[in-house]
1. Quick one: what does P(r) look like for the chain with 20 Å bins over all Cα pairs, in whole %?
2. Shape of segment 112-224 from its Cα gyration tensor (a ≥ b ≥ c, root eigenvalues): rounded if a/c is under 1.5, otherwise prolate when a/b > b/c, or oblate?
3. Could you give the length gained on full extension between E141 and A33, defined as 0.36 nm per residue of separation minus the Cα-Cα distance, in nm?
4. Rg/Rh for segment 59-98 to two decimals, with Rh computed the Kirkwood way over all alpha-carbon pairs.
5. Kindly give Rg over Rh for segment 57-160, based on alpha-carbon atoms, with the Kirkwood expression for the hydrodynamic radius.
6. Rounding to the nearest 20 debye, state how big the charge dipole of the chain is about its Cα centre with +1 on each Lys and Arg Cβ and -1 on each Asp and Glu Cβ.
7. Given a Förster distance of 30 Å, report the FRET efficiency between T128 and L24 from their Cβ-Cβ distance, rounded to the nearest 0.05.
8. For every other residue with a beta carbon closer than 14 angstrom to the beta carbon of R113, add +1 if it is Lys or Arg and -1 if Asp or Glu, then tell me the sum.
Amino acid sequence: MTPSALDRLQAQPRLSLAFLPTPLLRVSHLRTALGEDAPSILVKMDAWTGFALGGNKVRKLEFVLGREGGGVDTLITCGGPQSNHARITAGAAAHLGMDCVLVINGETPDPPRGNALLHRLYGARIRTVKGREERAPAMEEEAETLRARGRRPLVIPLGASTPLGALGYASAAVELDRQMEEGGGWPAGTTWIFVSASSCGTLAGLALGFSILGRENVRLVGVSADVSAGDMLRDTGTMVREGGELLGWDGDLPENLVIPAAEYVGEGYGIPTPESRQATELFARRGGIVLDPVYTAKVGAGFLDWLRQGKVPKNDTALFWHTGGAPGLLA
């Protein structure tokens, strides 16, 4: 029998780092706060993947390092001063006995706080560049220097948002599908899943996973942290196609599966808005759930706005996919 795409996904090399499955929470008090017309609310807590203080990047690195980490002695990646991905990569390097180089754009406050503190605590060497456009060339330069010294570096692109990294979230879609079925089946109607989108690896992985599963009762609302709606659709589509090729799958995304929401960015990346601050307070006080200021607070703002406008029908289900990032709240 020819293996299916799901079989090939299950057979992918994978380094076990995360505590899985992550919990699926019903947040009834948050629903009550939104009024009687609010739909049922679920939260998928990938903030609790555990390793190196958790978050969505752990799932991606499991697949990247599972296939590409053999024989490597140095991990190189990039991000901003409060990068969650840089934190997880530095933690993984320390855990595996590797060195780590982080190419960071922008200056870090002195003393460093939040993720910037953790980058250093995990022993990463920090190279600072001025802008985002300088990160990729600087990573390659660091890699070439190390190779010339006989070292074996692995360059991991921003956010581990590659077709291979996206398989971490194709697997997460399968995980959620199993949780739903084991809990008595998917809710009636449509399940609207709200998730952060920036480098788009998480959104693409979920889109790939639900497409392979044939889940026509799911909509993915990608709430931008910094990218336009057009870029979100383009980058997600590219990673879905290339991630599917890794699994021998060449199907199509179901119509209207991915819905871009780029109107909650505000003044820019990492800059809180009044709505994101309100979301942070409401999730904490009515759900005991901590959001981060860069990603999940913006998703929270979009989530609450959609529910208050009635864009998610009362008889459907709204699922908030929490991608972590709490150290950024303490920066």
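Values quoted throughout were computed directly from the atomic coordinates according to the rules given, and no laboratory measurement underlies them. Fair warning: this is a prediction, and the values are worked out from it, not measured in the lab. Note that each Cβ is placed from the backbone with ideal geometry, even for glycine, and that neighbours are counted across all protein chains shown.
1. Using 20 Å bins, I get a P(r) of 33, 58, 9, 0 for the chain.
2. Here segment 112-224 falls in the prolate category.
3. 33.7 nm
4. Working: Rg = 10.0 Å, Rh = 10.5 Å.
We get a ratio of 0.95 for segment 59-98.
5. On the way: Rg = 12.6 Å, Rh = 13.4 Å.
Rg/Rh: 0.94.
6. Details: 33 positive and 36 negative charges, 159 e Å.
For this selection, approximately 760 debye.
7. Details: r = 40 Å, r/R0 = 1.32.
Rounded to the nearest 0.05, the efficiency is 0.15.
8. On the way: positive: R87, R120; negative: E107, D110, D292.
Residues near R113 contribute -1 overall.
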